[in-house]
1. Have a look at ALA68, ALA25 and point out the one that is of a type in the set (A, V, I, L, M, F, W, C), under 18 Å from VAL91 (Cα atoms), part of a loop (DSSP other than H, G, I, E, B) and out of contact with any strand residue (DSSP E or B) (no Cβ under 7 Å at 6 or more places or on another chain).
2. Please work out which residue is surrounded by the most Cβ atoms within 10 Å (Cβ to Cβ), limiting yourself to the range 1-36 and to residues that are under 13 Å from the mean Cα position of the chain (by Cα) and of a type in the set (Ser, Thr, Tyr).
3. Restricting to the range 60-104, what's the tally of residues that are surrounded by 16 or more Cβ atoms within 10 Å (Cβ to Cβ) and either over 20 Å from ALA25 (Cβ atoms) or among the basic types (Lys, Arg) (or both)?
4. Considering only the range 37-55, state which residues are farther than 17 Å from LEU87 by Cβ and buried (at least 16 other Cβ atoms within 10 Å of the Cβ).
5. Could you identify the single residue in SER85, SER80 that is in a loop (DSSP other than H, G, I, E, B) and at pLDDT below 90?
Amino acid sequence: MEDAATSTLSALLYAVPVSPKVRAAAFRALAQRPDVTSEGRVKDARGRIGQGVTIGGAFHLIIDPKTAFVLQETAGTARSPKRASTLYYEVGWTNTAPHVPGPA
């Protein structure tokens, strides 16, 4: 049950299109979870600064504290041979087909 609550709160930040108020509430609630630790200010792979959060020791988020949008998520530990990261450039609803962003 505890893992499901933490997983649901983190998903509200990056996997579900929700309002800014819901994202902010999920961010605050996630910060109170016992298996969540703060990494302080960190940079994502693009150099954007956000709040680093580690969930359960093996799932890392970098969150823009102004918008509560996830900038990057990484699964796995630094010592893990299988580690995957996803960068988020833009999140939101659209009526247009997706496109591959150009280089930063």
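1. Numbers: ALA25 fails: part of a loop (DSSP other than H, G, I, E, B).
That would be ALA68, the only listed residue that is of a type in the set (A, V, I, L, M, F, W, C), under 18 Å from VAL91 (Cα atoms), part of a loop (DSSP other than H, G, I, E, B) and out of contact with any strand residue (DSSP E or B) (no Cβ under 7 Å at 6 or more places or on another chain).
2. Only one residue tops the list, namely SER10.
3. 4
4. Selection gives THR54, ILE55.
5. SER80
The values are calculated or read from the model by the stated rules, or taken from the named source; none is laboratory data. Remember, predicted model here, so these are calculated numbers, not experimental data. Don't worry about glycine lacking a Cβ; one is built from the backbone with ideal geometry, like all the others, and counts go over all protein chains shown.
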